[in-house]
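Working notes for the structure below.
Every number in this text was worked out from the coordinates using simple rules, so none of it is lab data. Just so it is clear, the model here is predicted, and its values are computed rather than measured. Cβ placement follows ideal geometry from the backbone for every residue including glycine, while neighbour counts extend to all protein chains displayed.
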């Protein structure tokens, strides 16, 4: 484990050195990334011009909803910074045969393929997310209890673990398809479901979709559970969701590992 | 010699046809990836439908900026059709990359016009996309038929069709011009990303632009919507959808179509000028 941590830190250091070599580009990337986020925040502010709440009686009024958005920003920035750059490179590695070089390394292939690149500029959104969370919580009627503060970082980690598992399974799809330029799009579209409170998925179509995105692909648990714990009263149902997200994180990690190893076993080199 | 001329009366047309066939084959080479990418584009609309349903459930309003709940769902579905025409994934980045890695030089020595080649490639891309996407589009629109107002009249359908074709051309020339900035800047990915942000917000892809009517600019009597109306972005998502829904009619419709056509002309000229000036300053070394 120490060996892997040391190698990861070496990767991270190399990426930081590279980012700092092109400082202007780094700043520009941070700004564009924050631009995307600001645009979304502006959209949500516009939505709250027309409604006091997202879903009748759900409790997701303006400040709790912005705490929800902030939680999403924090989780996504961690995943975007640590895992997505490597996963995106994998699409070309499979097609060109570059994956062969990774498979002969005396290290775990999943570790090397999913964590060899760190995009530090993606942390910018996370930092803004922390600020937004502070702003939203300070304006709410009730302060989160101590238990919520203790659980929040753990639930953030569970959310990251679920998204990481999804990245790994998409990477496995890349290996099986031979090329997956849509990887990033797929990621964006799928995580789109986690951007809003689960309560909006109601009715004859929404109910089954909510169940699907909770129990089969647990994407709805990623942001909803930590955001609910910190922004809404910590009541009976919330505790059940806490257990559910912890279980989902563990199961997702195990399943994604099995899927990835199976895909690797089916990999046929593209190089000569 | 005369025989060859008799067999190939339209050499320009044959070149276009060949370019189209090559691009069709290229698009179909990785079918799994293409089908996956096409199917996924329907997912964001699902969240938007549920979001706006939840918004309307929590408010006493019957409409927002003139859009009822069903109007908004129909609007988002129609913007998907519009974006299927106007979005040009990878175009600007591809041009900039070929300038940077030097592969663009083959178009300088071949008897092929680069902008025409790109246009043919994009038409091929769209044809394959429509062929693949027709079934999911038809299924989604059939399932959501209850959200749409009654079928508009023939004139409106005609205006909608013209606006879609113009939106394709506008999207193409805007992105191609953007990609040609690669002649002046080596790395344009950040500029492209910034463009995408502005485009996404101001095209009406995110929400109907009528909702900006109440957002002040600081100038008395001028809202953000008034400013956005004069920019080219709304013609790549909002405008055709609003035409189908009957939000833009009569003289306003004619005026808007004229503005859209004018923007196509402006961006086509800008693209040509960028190509001419860019290739003049372009230099490549080695093999």
In nanometres, what is the gap between the two model label sites at residue A:16 and residue A:139, each 7 Å from Cα along Cα-to-Cβ? 3.4
Give me the distance in nm between label points sitting 7 Å out from Cα along the Cα-to-Cβ direction at residue B:197 and residue B:269, one decimal. 3.1
By how many degrees, 0 to 90 and rounded to 10, does the Cα axis of helix A:219-231 deviate from the longest principal axis of chain A? 40
Quickly estimate the mean residue ellipticity at 222 nm for chain B, helices only: each DSSP H run with n ≥ 4 gives -39500 (n - 2.57), and the total goes over all residues, rounded to 500. -22500 deg cm²/dmol
Treating the angle as unsigned and between 0 and 90°, give the value, to the nearest 10°, between the Cα long axis of helix B:154-179 and the longest Cα principal axis of chain B. 50
With r as the distance between the Cβ atoms of residue B:103 and residue B:161 and R0 = 22 Å, compute the FRET efficiency 1/(1 + (r/R0)^6) and round to 0.05. 0.05
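If you average 1/r over all unlike Cα pairs in the stretch A:133-207 and invert the result, what Kirkwood radius do you get in angstrom?
Mean inverse Cα-Cα distance, inverted, gives 15.6 Å.
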In terms of the alpha carbon gyration tensor, root eigenvalues a ≥ b ≥ c, rounded if a/c is under 1.5 and otherwise prolate when a/b exceeds b/c or oblate, the protein assembly as shown is oblate
Gaussian network model of chain B, springs between alpha carbon atoms under 10 Å - residue of B:188, B:198, B:109 with greatest fluctuation: B:109
Mind checking which of A:50, A:65, A:26 has the largest fluctuation in a GNM of chain A, springs on alpha carbons under 10 Å? A:50
With bins 5 Å wide starting at 0, give me the P(r) of the stretch B:115-274 over every alpha carbon pair, in whole percents. 2, 8, 13, 17, 20, 17, 12, 6, 3, 1, 0
Angle, helix B:31-40 long axis vs. longest principal axis of chain B, Cα atoms, 0 to 90°, nearest 10? 20
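Neighbouring Cβ atoms within 10 Å as the yardstick, rank B:243, B:222 fewest first.
So the residues, fewest neighbours to most, are B:222, B:243.
Assuming R0 = 41 Å, what is the FRET efficiency of residue A:257 and residue B:59, from their Cβ-Cβ distance, to the nearest 0.05? Display every interim value, and only then the final one.
On the way: r = 46 Å, r/R0 = 1.11.
After rounding, the FRET efficiency stands at 0.35.
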Fewest first, what order do B:271, A:30 take by the number of other Cβ atoms within 10 Å? A:30, B:271
Would you kindly calculate the mean projected area, averaged across all directions, of the convex hull enclosing the Cα atoms of the stretch B:10-279, in square nanometres? 16.9
Can you compute the helix-only [θ] at 222 nm over chain A? Use -39500 (n - 2.57) per DSSP H run of at least 4 residues, normalise by all residues, nearest 500 deg cm²/dmol. -25000 deg cm²/dmol
Cα-projected label distance for residue A:127 with residue B:138, points at 7 Å along beta-carbon direction, nm: 5.3
With a Förster radius of 60 Å, plug the Cβ-Cβ distance of residue B:20 and residue A:110 into 1/(1 + (r/R0)^6) and report the FRET value to the nearest 0.05. 0.90
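Place the peptides A:197-207, A:156-166 in order of packing, highest mean first, counting for every residue the other Cβ atoms within 10 Å and averaging per peptide. Numbers along the way, then the final one.
Details: A:197-207: 17.8, A:156-166: 23.1.
The densest-packed peptide leads the list: A:156-166, A:197-207.
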For a quick check: sort A:54, A:78 by the number of other beta carbons within 10 angstrom, fewest at the front. A:78, A:54
How many partner chain Cβ atoms sit within 10 Å of a residue's Cβ in peptide A:195-202, on average, as a whole number? 4
Starting from the eigenvalues of the Cα gyration tensor, five times each then square-rooted, give me the equivalent ellipsoid semi-axes of the stretch A:2-265, largest first, whole Å. 33, 22, 17
